[in-house]
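Enquirer: Have a look at this one.
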Amino acid sequence: MKLVFAGTPEVAVPALDALIASGRHEVAAVVTRPDAPAGRGRRLVASPVAERAEEAGIEVLKPAKPRDPDFLERLREIAPDCCPVVAYGALLPRVALDVPARGWVNLHFSLLPAWRGAAPVQHALMAGDEITGASTFLIEEGLDSGPVYGTVTETVRPTDTSGDLLTRLAFAGAGLLAATMDGIEDGSLEAVPQPGEGVTLAPKITVEDARVDWTAPALRVDRVVRGCTPAPGAWTTFRGERLKLVQAVVLPDRSDLAPGQLAAGKNTVYVGTGSHAVELLWVQAQGKKPMRAADWARGARITEGERVGD
C-alpha cells in the first residue's frame, strides 16, 4: 500500500522505522506537527518524526491544522491507500479522514476500550494496572472509539515509570502497526467493534494531578511518582518552594511518620504517608538539577519535625 504516516514525538519514531524497514509498503509522506520552540533560546526545532523522515528522504508535511486546504490538496494528490498514525497530536477532521481509501489507523498505547485519551500509559500506572498494551484501530470522529484491528500486551513492572513503559510499548507497538498494515493490505485482518463496557478515559495529566497527596497511602504516592515520570513530574512543596520527586520507594516496615513528615538520616530521606513511609531516592529542587535525596537533605539542613506538602 501507499502510506502517509502521521506522528510527532520520539515515541512515534520506532513505528515509522518499522514501516520504512518492512519493504512491503511505500511511505510516501509524513504528516507531523509544525516546528516548535525548544531550549533556552526557544529556537524552532523540527519534531523527532520530521527529522527521521528527512533522514530517510521522505516528504514531510507540517500543516498548522489538518483541515488546512493546502495540506488536504497535497494529501489528495498523494492519494494514500492508508494513513497509519502514532501520537500525531491533532484531531483529524472528517474531510481528512475521508481521503485514504482504507482510512487512518491509529496505534494507541492501551488495551482499548481502556484508557481512551491523551495519557493512557500514565493513567494505567497511576491506577495500578498490572497488564497494559497497545491497540491498532480505525479512526472515527469519536475519541479512540473506532473498531480494533489488533493488540499486544505488556506486563507493568513494579518499578516502571511511564517513560519506561512507553518506550517498551513504542517498540512492541511498532511491530503491531506494521503487521496491521500487512493484514489490511492482504485482507486477513478485519476491525472488530470495541465493547461497550470497560471504557475508561485518560485525559492529559495536569500539573495539579501530579501533586502528591501525603495523606494518601504509600502505594498511591508511589504510583503518582512513577506515573508522572518523566512528565509532567510528580511534585510537592518544601519551605514554600516546589520540590520535584524523581524517584521514591515504599517502605512497608515503617509507619511511625505522620503524613508529609520528613526523617533525614546520613544517606536516607523518609517521608510519612497515610500508611507506610516512602523513601525519597532522587529529587529536584526548584532551579536545580536532579540530585540524590540524601544530598538535597544535607544541603537543606532539614530539622526535626519539618514536613513536605504544607
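Enquirer: Hey, can you tell me all the residues within the stretch 289-310 that are part of a loop (DSSP other than H, G, I, E, B) and within 25 Å of the chain's Cα centre (by Cα)? Quick ask: steps written out before the conclusion?
Expert: First, the residues of the stretch 289-310 that are part of a loop (DSSP other than H, G, I, E, B): 289-290, 301-306, 308-310.
K289, P290, listed by residue number.
Enquirer: Scan the stretch 95-112 and report the pairs whose first residue is over 21 Å from P9 (Cα atoms) and whose second residue is part of a helix (DSSP H, G or I) and open to solvent by less than 10 Å² (accessible area, probe 1.4 Å), with Cβ atoms within less than 6 Å and a gap of 6+ or a chain change.
Expert: What qualifies is V99/L75.
Enquirer: Let me ask something else. I need the full set of residues from the stretch 125-135 which are in contact (Cβ under 8 Å) with a residue 60 or more places away in the chain, open to solvent by less than 40 Å² (accessible area, probe 1.4 Å) and either closer than 14 Å to A170 by Cα or hydrophobic (A, V, I, L, M, F, W, C) (or both), in order please. Outline the logic, then answer.
Expert: Initial filter on the stretch 125-135 (in contact (Cβ under 8 Å) with a residue 60 or more places away in the chain): 125-128.
From what is left, the residues that are open to solvent by less than 40 Å² (accessible area, probe 1.4 Å) are 125-126, 128.
L125, M126, listed by residue number.
Enquirer: I'm trying to understand the selection: among the residues of the stretch 193-230, which are under 19 Å from D310 (Cα atoms), out of contact with any Ser or Thr (no Cβ under 6 Å at 6 or more places or on another chain) and of a type in the set (A, V, I, L, M, F, W, C)?
Expert: V207, A210, A216, V224, V225
Enquirer: Among (1) within 22 Å of the chain's Cα centre (by Cα); (2) surrounded by fewer than 17 Cβ atoms within 10 Å (Cβ to Cβ), where does G227 come up short?
Expert: (2)
Enquirer: For the stretch 14-34, give me the residue count where each residue is within 14 Å of G89 (Cβ to Cβ) and within 20 Å of the chain's Cα centre (by Cα). Steps first, please.
Expert: Of the residues in the stretch 14-34, the ones within 14 Å of G89 (Cβ to Cβ) are 30-34.
Of the ones still in play, those that are also within 20 Å of the chain's Cα centre (by Cα) are 31-34.
Of the residues in the stretch 14-34, 4 are within 14 Å of G89 (Cβ to Cβ) and within 20 Å of the chain's Cα centre (by Cα).
Enquirer: Here is a list of conditions, (1) among the aromatic types (F, W, Y); (2) outside any helix (DSSP H, G or I); (3) out of contact with any Phe, Trp or Tyr (no Cβ under 9 Å at 6 or more places or on another chain), and Y149 meets all of them except one; can you say which number that is?
Expert: (3)
Enquirer: Go through the stretch 167-221 and count every residue that is part of a loop (DSSP other than H, G, I, E, B), under 21 Å from P113 (Cβ atoms) and out of contact with any helix residue (DSSP H, G or I) (no Cβ under 6 Å at 6 or more places or on another chain).
Expert: Of the residues in the stretch 167-221, the ones part of a loop (DSSP other than H, G, I, E, B) are 187-191, 193-200, 202-210, 212-217.
Retained after the next criterion (residues that are under 21 Å from P113 (Cβ atoms)): 189-191, 193-200, 202-205.
With out of contact with any helix residue (DSSP H, G or I) (no Cβ under 6 Å at 6 or more places or on another chain) added as a condition, the list becomes 190-191, 193-200, 203-204.
Residues that pass the stated criteria total 12.
Enquirer: So which residues in the stretch 146-196 are over 16 Å from the mean Cα position of the chain (by Cα) and aliphatic (A, V, I, L, M), if there are any at all?
Expert: If the condition is that a residue be over 16 Å from the mean Cα position of the chain (by Cα) and aliphatic (A, V, I, L, M), then V148, V152, L176, L177, A178, A179, M181, I184, L189, A191, V192 are the ones that fit.
Enquirer: Within the stretch 155-166, track down each residue that is open to solvent by less than 50 Å² (accessible area, probe 1.4 Å) and part of a helix (DSSP H, G or I).
Expert: Result: S162, G163, L165.
Enquirer: So, in the stretch 7-45, exactly how many residues are closer than 24 Å to P230 by Cβ and in contact with a strand residue (DSSP E or B) (Cβ under 8 Å, 6 or more places away or on another chain)?
Expert: Counting residues in the stretch 7-45 that are closer than 24 Å to P230 by Cβ and in contact with a strand residue (DSSP E or B) (Cβ under 8 Å, 6 or more places away or on another chain) gives 15.
Enquirer: In this structure, is G89 on the phi > 0 side of the Ramachandran plot and modelled with pLDDT of 95 or more? Reasoning before the result, please.
Expert: On the way: on the phi > 0 side of the Ramachandran plot: yes; modelled with pLDDT of 95 or more: no.
Against the criterion (on the phi > 0 side of the Ramachandran plot and modelled with pLDDT of 95 or more), G89 does not qualify.
Enquirer: Hey, does the stretch 292-302 have a residue that's modelled with pLDDT of 95 or more and either closer than 14 Å to W235 by Cα or of a type in the set (V, I, T) (or both)?
Expert: yes
Enquirer: Still on this structure, please answer the following. Give, as residue ranges, the strands (runs of 3 or more DSSP E) completely inside the stretch 222-288 that count at least 3 residues that are in contact with a Pro (Cβ under 8 Å, 6 or more places away or on another chain) and without any contact (Cβ under 8 Å) to a residue 60 or more places away in the chain.
Expert: Counting at least 3 such residues, we get 277-285.
Enquirer: Could you check, for the stretch 199-210, whether at least one of its residues is more than 18 Å from H123 (Cβ to Cβ), β-branched (V, I, T), open to solvent by 40 Å² or more (accessible area, probe 1.4 Å) and touching a strand residue (DSSP E or B) at 6+ places or on another chain (Cβ under 7 Å)?
Expert: Residues of the stretch 199-210 more than 18 Å from H123 (Cβ to Cβ): none.
No; the residues of the stretch 199-210 include none that is more than 18 Å from H123 (Cβ to Cβ), β-branched (V, I, T), open to solvent by 40 Å² or more (accessible area, probe 1.4 Å) and touching a strand residue (DSSP E or B) at 6+ places or on another chain (Cβ under 7 Å).
Enquirer: From (1) buried (at least 17 other Cβ atoms within 10 Å of the Cβ); (2) aliphatic (A, V, I, L, M); (3) under 29 Å from the mean Cα position of the chain (by Cα), pick out the condition that doesn't hold for V249.
Expert: Only one criterion is unmet by V249, namely (1).
Enquirer: Still on this structure, please answer the following. Any residue at all in the stretch 137-145 that is of a type in the set (A, V, I, L, M, F, W, C), part of a strand (DSSP E or B) and open to solvent by 20 Å² or more (accessible area, probe 1.4 Å)? If you could, list the steps in order and put the result at the bottom.
Expert: Our first condition is that a residue be of a type in the set (A, V, I, L, M, F, W, C); within the stretch 137-145, this holds for 137-139, 143.
Then keep just the ones that are part of a strand (DSSP E or B); that gives 137-138.
Within this subset, residues satisfying the condition of being open to solvent by 20 Å² or more (accessible area, probe 1.4 Å) are 138.
Yes: one or more hits.
The values are calculated or read from the model by the stated rules, or taken from the named source; none is laboratory data. Keep in mind the model is a prediction, meaning the values are calculated, not measured. Using ideal geometry, Cβ is built from the backbone for each residue, glycine included, and neighbour counts are taken over all protein chains shown. For accessibility, only protein heavy atoms count, side chains too; no ligands or nucleic acids. Shrake-Rupley method; radii C 1.70, N 1.55, O 1.52, S 1.80 Å.
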